[in-house]
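Colleague: Pasting in a structure now, in structure tokens, and then I'll have a few things to ask.
Nothing in this text is a laboratory measurement; each read-out follows from the coordinates by a stated rule. This is a predicted model, so every value here is computed, not measured. All Cβ positions, glycine included, derive from the backbone under ideal geometry; neighbour counts span all protein chains shown.
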Amino acid sequence: MLTDDDGQTLVKTARQVVTEYLKEEKRIKLTKEIKSRFSYKSGVFVTLNKKENLRGCIGFPTPDRILHQSLVDAAIASSTEDPRFPPVRFEELDEITFEVTVLTPPVEIKVRDPSEYPRMIKIGRDGLILKWEYGAGLLLPQVPVEYGWNEEEFLNHTCEKAGAPLNHWKQKNAKILKFEGIVFKETKPNGKIKRLEL
């Protein structure tokens with residue numbers, strides 16, 4: 001379990017990483033304390049919002065890499081490599097809020113019939129991954145809460161994110177995984193950092 005203090009450190013570190021990278025084009029060297037504190041493997045996403053609008057979100061869904069390394073890579077990628085947006089400019093950083101989501105390992109949802117999927121997920125707790133023959137898509141647990149979706153809408157939008165038809169989750173060959181996320185977010189740019197209760 002991550003403490004609120006861990007969450008503060010993760011979000012502040014993500015902001016420092018991006019600030020330094022945009023200003024100096026350098027990756028900051030993390031302190032020994034941060035490296036030892038986050039030396040376990042975990043999935044992580046860094047989300048940037050500007051005036052309540054998404055400005056970048058990239059991360060690593062599976063626990064293949066050490067958290068402190070993934071955090072640095074996700075922070076830089078979310079600010080410079082999200083294909084949906086132009087790269088963030090250094091001058092924008094005072095208008096952007098930073099959010100870090102640490103993920104539990106994804107687990108496949110086993111069902112006999114696809115109609116069971118909506119009953120197997122909980123809005124506000126679960127994030128979803130849809131895998132199909134042409135790729136995969138992921139939505140974090142906070143997304144359906146922000147948009148007020150029910151379980152079926154959440155499944156549809158996860159399909160859309162994967163580039164699949166909206167109701168592809170109803171196909172027998174669709175593979176759906178769920179995970180949980182612990183979310184820490186600035187209340188305003190450079191502001192206080194709080195744990196989001198979804």
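Colleague: Among Arg125, Arg55, Arg65, which comes first, second and so on when ranked by fewest other beta-carbon atoms within 10 Å?
Modeller: Values: Arg125 13, Arg55 20, Arg65 16.
Sorted ascending by nearby Cβ count, the order is Arg125, Arg65, Arg55.
Colleague: Further question on the same structure: Would you list Trp149, Trp132, Trp169 from fewest to most Cβ contacts within 10 Å?
Modeller: Trp149, Trp132, Trp169
Colleague: Shifting gears a bit: Report the gain in length on full extension from Tyr40 to Lys110: 0.36 nm times residue separation, minus Cα-Cα distance, nm rounded to one decimal.
Modeller: So the chain would gain 22.4 nm between Tyr40 and Lys110.
Colleague: What is the fewest-to-most order of Leu22, Leu128 by other Cβ atoms lying within 10 Å of their Cβ?
Modeller: So the ranking, lowest neighbour count to highest, is Leu22, Leu128.
Colleague: As I understand it, the dipole of region 107-179 uses +1 on the Cβ of Lys and Arg and -1 on the Cβ of Asp and Glu, about the Cα centre. Which of Trp169, Tyr147, His157 lies farthest toward its positive end?
Modeller: With unit charges placed on the Cβ atoms, the residue in question is Trp169.
Colleague: Of Asn167, Asn156, Asn53, which is the most mobile in a GNM of the chain whose springs link Cα atoms less than 10 angstrom apart?
Modeller: Its mean-square fluctuation being the largest, the pick is Asn53.
Colleague: Roughly how many debye, to the nearest 20, is the charge dipole of the chain about its Cα centre, given +1 on each Lys and Arg Cβ, -1 on each Asp and Glu Cβ, and no other charges?
Modeller: Working: 32 positive and 30 negative charges, 87 e Å.
That gives the chain a dipole magnitude of about 420 debye.
Colleague: Over the chain, what is the relative contact order in percent, taking alpha-carbon pairs closer than 8 angstrom and at least six residues apart?
Modeller: 22 percent
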